[in-house]
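Worksheet for the structure shown next.
The values are calculated or read from the model by the stated rules, or taken from the named source; none is laboratory data. The structure presented is a predicted model; accordingly, all values stated were derived computationally and were not measured. We place every Cβ from the backbone using ideal geometry, glycine too, and count neighbours over all the protein chains shown. Quick note on the areas: whole protein, heavy atoms, side chains included, nothing else; ligands and nucleic acids left out. Shrake-Rupley method; radii C 1.70, N 1.55, O 1.52, S 1.80 Å.
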Amino acid sequence: INHIVHNGGLYKRPFNEAFEETPMLVAVLTYVGYGVLTLFGYLRDFMRQWKIEKCQNATEREEQKDFVPLYQDFENFYNRNLYMRIRDSWNRPICSVPGAKVDMMERVSHDYNWTFTYTGRVIKDIINMGSYNYLGFAQKTGACQEAAAKVLSQYGAGVCSTRQEMGNLDKHEELEKLVARFLGVESAMAYGMGFATNSMNIPALVGKGCLILSDELNHASLVLGARLSGATIRIFKHNNMQSLEKLLKDAIVHGQPRTRRPWKKILILVEGIYSMEGSIVRLPEVIALKKKYKSYLYLDEAHSIGALGPSGRGVVEYFGLNPEDVDVMMGTFTKSFGAAGGYIGGKKELIDYLRTYSHSAAYATSMSPPVVEQIITSVKCIMGEDGTTIGEARVQQLAENTRYFRRRLKEMGFIIYGNEDSPVVPLMLYMPAKIGAFGREMLKRNIGVVVVGFPATPIIESRARFCLSAAHTKEMLDTALKEINEVGDLLQLKYSRRRLVPLLDRPFDETTYEETED
């Protein structure tokens with residue numbers, strides 16, 4: 001789709017996203033699969049109730065039977081009878097740095113995944129396709145590790161106080177000035193937890209009498225922050241600008257319910273890269289709507305900062321936009337920077353306000369000094385202020401890995417969601433039995449992958465999610481692709497009807513499709 005024509009020059013680069021429709025037969029079989037599992041779930045619950053089968057899940061004690069039940073919602077039924085069957089696909093313990101390869105502790109279950117025991121064996125050199133280590137800074141050697149170790153010996157591991165009391169270190173001040181410079185904003189503030197950066201700061205920005213317009217696929221931290229704020233929340237369809245504009249028009253025309261007074265503030269919540277879909281926000285259009293209707297924009301760059309843009313400055317740089325057009329720029333240090341925590345950047349007045357009124361600033365313990373130093377060193381590396389071009393090379397390597405990996409998967413015939421430049425690559429599995437099977441088969445082949453199902457995704461849109469890294473070599477990616485291709489044939493996962501034609505002379509940013517008949 002040529003957005004340059006259709007959006008009046010808002011896009012300065014091609015914007016290609018794919019969300020291929022689920023084939024009808026696959027959708028029907030997925031529903032049938034969940035139906036069969038649900039029927040067997042009710043049968044097993046009946047058998048547990050009559051002591052035919054041993055009941056291992058949490059239940060109320062006899063003396064509590066007359067109280068309101070704690071464990072009778074659908075999600076607990078799902079956990080008991082569906083999730084438990086494939087529980088071995090999650091929470092796998094690794095015992096090494098989460099780099100391009102990891103070591104994993106082997107574990108087995110003798111009671112159908114209710115409990116696990118460790119064998120004592122360590123599975124070595126598993127290719128890690130699941131960690132958010134976009135720029136490869138999760139490492140135990142190199143400049144970041146050495147700088148963090150030096151600061152650890154000088155400052156210790158903890159601060160034991162909040163920023164407003166005795167926990168404001170010179171390192172924290174240095175970090176915030178550096179982040180503000182990196183983002184191109186007036187000021188920035190760092191927090192010790194990425195999730196809390198959203199959930200605790202949104203309530204400080206909006207409240208009763210305000211309106212939040214939130215993308216339907218926003219992260220749980222944004223959803224929680226919006227709910228805690230007390231503001232009215234309205235949801236627009238994912239990345240759908242017509243849906244967003246309709247909500248903005250209605251909000252301005254009708255005002256608040258019953259009183260019809262104007263809203264105090266209208267805040268649009270979006271993410272840079274959506275971590276389950278692999279899609280990139282249509283930021284030029286969002287900013288155009290925000291300016292047109294005089295609202296505010298809150299941009300969560302947790303997955304896009306470091307991973308997008310020619311110099312890793314995120315989705316704003318990716319589209320060639322002005323950072324001043326985004327009112328609140330939020331991001332995390334947990335992914336591209338290999339550390340922990342989050343930040344908010346914007347105008348000085350905004351940051352000064354949050355230093356006083358943000359719960360994360362007033363009540364949370366300050367960031368650990370070695371973690372701060374890890375971020376400072378990695379940001380300087382990305383900016384080239386360490387005197388090397390390592391950071392720039394990593395950003396470019398991630399972009400190359402992303403395009404190569406996505407293209408090869410599409411050529412194989414998998415349904416792949418998201419934008420062609422997104423390092424988050426969802427491969428659609430759909431059927432419940434294939435969630436666990438895919439994770440197990442890949443681990444047998446020494447590839448560590450993340451499989452995702454309900455409630456993180458819609459119940460029939462289960463998927464495997466790969467996260468690319470600059471630390472992945474072409475040999476690693478080729479090995480992973482070979483095994484994914486083999487497992488895809490074994491489990492019959494190649495659902496796509498729009499198979500890419502592998503052409504050696506294909507232009508860099510064009511994609512050729514060939515309709516194939518089943």
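Name the single residue, out of those in the stretch 398-437 being basic (Lys, Arg) and within 24 Å of Arg282 (Cβ to Cβ), that is least open to solvent (accessible area, probe 1.4 Å). For the stretch 398-437, the residue satisfying everything is Arg406.
Just checking, does the stretch 30-48 include any residue being out of contact with any His (no Cβ under 6 Å at 6 or more places or on another chain), more than 23 Å from Met276 (Cβ to Cβ) and at pLDDT below 90? Yes, the conditions are met somewhere in the stretch 30-48.
Scanning the stretch 246-271 for residues that are farther than 18 Å from Asn201 by Cα, touching a strand residue (DSSP E or B) at 6+ places or on another chain (Cβ under 9 Å) and not basic (Lys, Arg) turns up Leu247, Leu248, Asp250, Ala251, Ile252, Gln256, Pro257, Trp263.
Listed by first and then second residue, the pairs linking a residue in the stretch 395-422 that is assigned by the TED database to the domain that holds Ser469 to a residue that is aromatic (Phe, Trp, Tyr) and crowded, with 22+ Cβ neighbours inside 10 Å, with Cβ atoms under 6 Å apart and 6 or more places separating them unless they lie on different chains, are Leu398/Tyr134.
Within the stretch 330-353, the set of residues being aliphatic (A, V, I, L, M) and crowded, with 24+ Cβ neighbours inside 10 Å comprises Met330, Ala339, Ile344.
In this structure, is Arg80 buried (at least 16 other Cβ atoms within 10 Å of the Cβ), part of a helix (DSSP H, G or I) and assigned by the TED database to the domain that holds Leu409? Considered against the rule, which asks whether it is buried (at least 16 other Cβ atoms within 10 Å of the Cβ), part of a helix (DSSP H, G or I) and assigned by the TED database to the domain that holds Leu409, Arg80 comes out as yes.
Of all residue pairs spaced 6 or more apart or on separate chains, those with beta-carbon atoms under 7 Å, a first member in the stretch 176-191 that is within 7 Å of Gly345 (Cβ to Cβ) and a second member that is of a type in the set (Ser, Thr, Tyr) and buried (at least 24 other Cβ atoms within 10 Å of the Cβ) are Val179/Tyr343; Ala188/Tyr343. On the stretch given as the stretch 190-216, residues that are within 12 Å of Asp300 (Cα to Cα) and open to solvent by 20 Å² or more (accessible area, probe 1.4 Å) total 1.
Scanning the stretch 217-260 for residues that are polar (S, T, N, Q), open to solvent by less than 20 Å² (accessible area, probe 1.4 Å) and in a loop (DSSP other than H, G, I, E, B) gives Asn218, Asn239. Inspection of the stretch 85-95 identifies no residue that is more than 19 Å from Lys444 (Cα to Cα) and either in contact with a Phe, Trp or Tyr (Cβ under 8 Å, 6 or more places away or on another chain) or in a loop (DSSP other than H, G, I, E, B) (or both). A single entry from Ile447, Ile459 fulfils the requirement of being under 21 Å from the mean Cα position of the chain (by Cα), of a type in the set (A, V, I, L, M) and within 28 Å of Tyr31 (Cβ to Cβ): Ile459.
When each of Gly436, Gly418, Gly413 is tested for being under 28 Å from Gly306 (Cβ atoms) and touching a Lys or Arg at 6+ places or on another chain (Cβ under 9 Å), the lone residue that passes is Gly418.
The residues of the stretch 110-156 that are more than 29 Å from Leu308 (Cα to Cα), in a loop (DSSP other than H, G, I, E, B) and open to solvent by less than 40 Å² (accessible area, probe 1.4 Å), listed by number, are Asp111, Asn113, Gly156.
The set of residues in the stretch 402-454 being under 18 Å from Glu475 (Cα atoms) and polar (S, T, N, Q) consists of Thr402, Asn446.
Taken across the stretch 342-364, residues that are at pLDDT 95 or above, among the β-branched types (Val, Ile, Thr) and not in a helix (DSSP H, G or I) do occur, with at least one present.
Among residues of the stretch 2-19 being outside any loop (DSSP other than H, G, I, E, B) and out of contact with any Ser or Thr (no Cβ under 7 Å at 6 or more places or on another chain), the one that is modelled with the highest pLDDT is Ala18. Tyr71 - would you say it is loosely packed, with under 14 Cβ neighbours inside 10 Å, assigned to a loop (DSSP other than H, G, I, E, B), modelled with pLDDT under 90 and among the aromatic types (Phe, Trp, Tyr)? Here the answer is yes, as Tyr71 does meet what is asked. Scanning the stretch 161-185 for residues that are open to solvent by 70 Å² or more (accessible area, probe 1.4 Å) and not in a loop (DSSP other than H, G, I, E, B) returns Asp170, Glu173, Lys177, Arg181.
For the stretch 384-397, the criterion of being open to solvent by 10 Å² or more (accessible area, probe 1.4 Å) and farther than 24 Å from Gly184 by Cα is met by none of the residues.
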